[in-house]
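This report concerns only the one structure given below.
The values are calculated or read from the model by the stated rules, or taken from the named source; none is laboratory data. Bear in mind that the values here come from a model prediction, so they are computed numbers and not experimental data. Virtual Cβ from ideal backbone geometry, glycine too; neighbours counted across all protein chains shown. With ligands, DNA and RNA removed, areas are computed over all heavy atoms of the protein, side chains included. Shrake-Rupley method; radii C 1.70, N 1.55, O 1.52, S 1.80 Å.
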Amino acid sequence: MRIGILGSGLMGGKLGTIFARAGHEVVFSYARSERKLKRLAREAKANARAGTPGEAARESDALLLAVHWSRVDDVLKQAGDLSGKVLVSCSLPMNANDTDLVVARTSSGAEVLAKKARGARFVSAFGTVPSEVLFGVFERRRRSRRPSLVYCGDDQRAKDVAAELIRDVGFEPLDAGPLRIARYTEPFTLLIARLAYEGDRGPEMAYRFEWMSAG
């Protein structure tokens, strides 16, 4: 799969690297400097290169949107027409100092983004885990018991692509339903962040859901 990374910061940089090492072709775009994009591509040690958001969008089968909420409009403008593209987003609707959601309860950041990227096949995924755990999960991906990762969306084809990428990283994908379920997954992410960054056990944490059969 050809994957464009729109936002090559902590999440985008690590996920893009993992996607490349899993065998996908990756274009890193939208970082503070071109030097960083080239470094990420070099360190991915696989089919990865640096590019612009427009190049990442035009040449991709799927896109990862991984920018701060304040940068969403800018990166989408630079990416251009996303009609028909699978757009997987881990961008949360956080305020400037990352202390609270600016969209919640009656809508979600994912629903707002889906309207901004009109025509794209939109899925919300990867935002519910800290970036610090990603490489560790990838290294343990061959274990039978994998951590869970919830995702949601309204387009089944896009959700199938997202599920494949989730498995490639080393998680067990858990389909939470339509995109409006992001109204629940986004606040859940704040709980994960509190446990990861304000607890005393460090940010390398994941979660797992299990169904306990009766009898």
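Please work out if Val67 is closer than 19 Å to Glu164 by Cβ and out of contact with any Lys or Arg (no Cβ under 6 Å at 6 or more places or on another chain).
Taking the combined requirement at face value, the residue does not satisfy it.
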Scanning the range 45-57 residue by residue, those touching a helix residue (DSSP H, G or I) at 6+ places or on another chain (Cβ under 9 Å) and at pLDDT 95 or above turn out to be Ala48, Arg49, Ala50, Gly51, Thr52, Pro53, Gly54, Ala56, Ala57
Within the range 85-104, residues assigned to a loop (DSSP other than H, G, I, E, B), of a type in the set (Gly, Ala, Ser) and free of Cβ contacts under 8 Å to residues at least 40 places away in the same chain come out as Ala96
If we keep only residues of the range 1-34 that are crowded, with 24+ Cβ neighbours inside 10 Å, of a type in the set (A, V, I, L, M, F, W, C) and outside any strand (DSSP E or B), then the residue farthest from the chain's Cα centre (by Cα) is Ala20
Problem - Verdict on Asp175 being farther than 22 Å from Thr99 by Cβ, out of contact with any Gly (no Cβ under 6 Å at 6 or more places or on another chain) and not basic (Lys, Arg) - result: yes
Checked against (1) crowded, with 24+ Cβ neighbours inside 10 Å; (2) free of Cβ contacts under 8 Å to residues at least 12 places away in the same chain, Lys115 satisfies every condition except (1)
Those residues of the range 142-165 that are open to solvent by 80 Å² or more (accessible area, probe 1.4 Å), more than 18 Å from Gly109 (Cβ to Cβ) and in a loop (DSSP other than H, G, I, E, B) come to a total of 4
Among residues of the range 82-102 being within 18 Å of the chain's Cα centre (by Cα) and over 17 Å from Leu65 (Cα atoms), the residue surrounded by the most Cβ atoms within 10 Å (Cβ to Cβ) is Leu101
- Message: Condition (residue is open to solvent by 10 Å² or more (accessible area, probe 1.4 Å), over 19 Å from Phe122 (Cα atoms), in contact with an Asp or Glu (Cβ under 7 Å, 6 or more places away or on another chain) and of a type in the set (S, T, N, Q)) applied to the range 39-56: is it met by at least one residue?
- Response: yes
Picked from the range 13-40 (must be of a type in the set (Gly, Ala, Ser) and more than 18 Å from Leu82 (Cα to Cα)), the residue modelled with the lowest pLDDT is Ser33
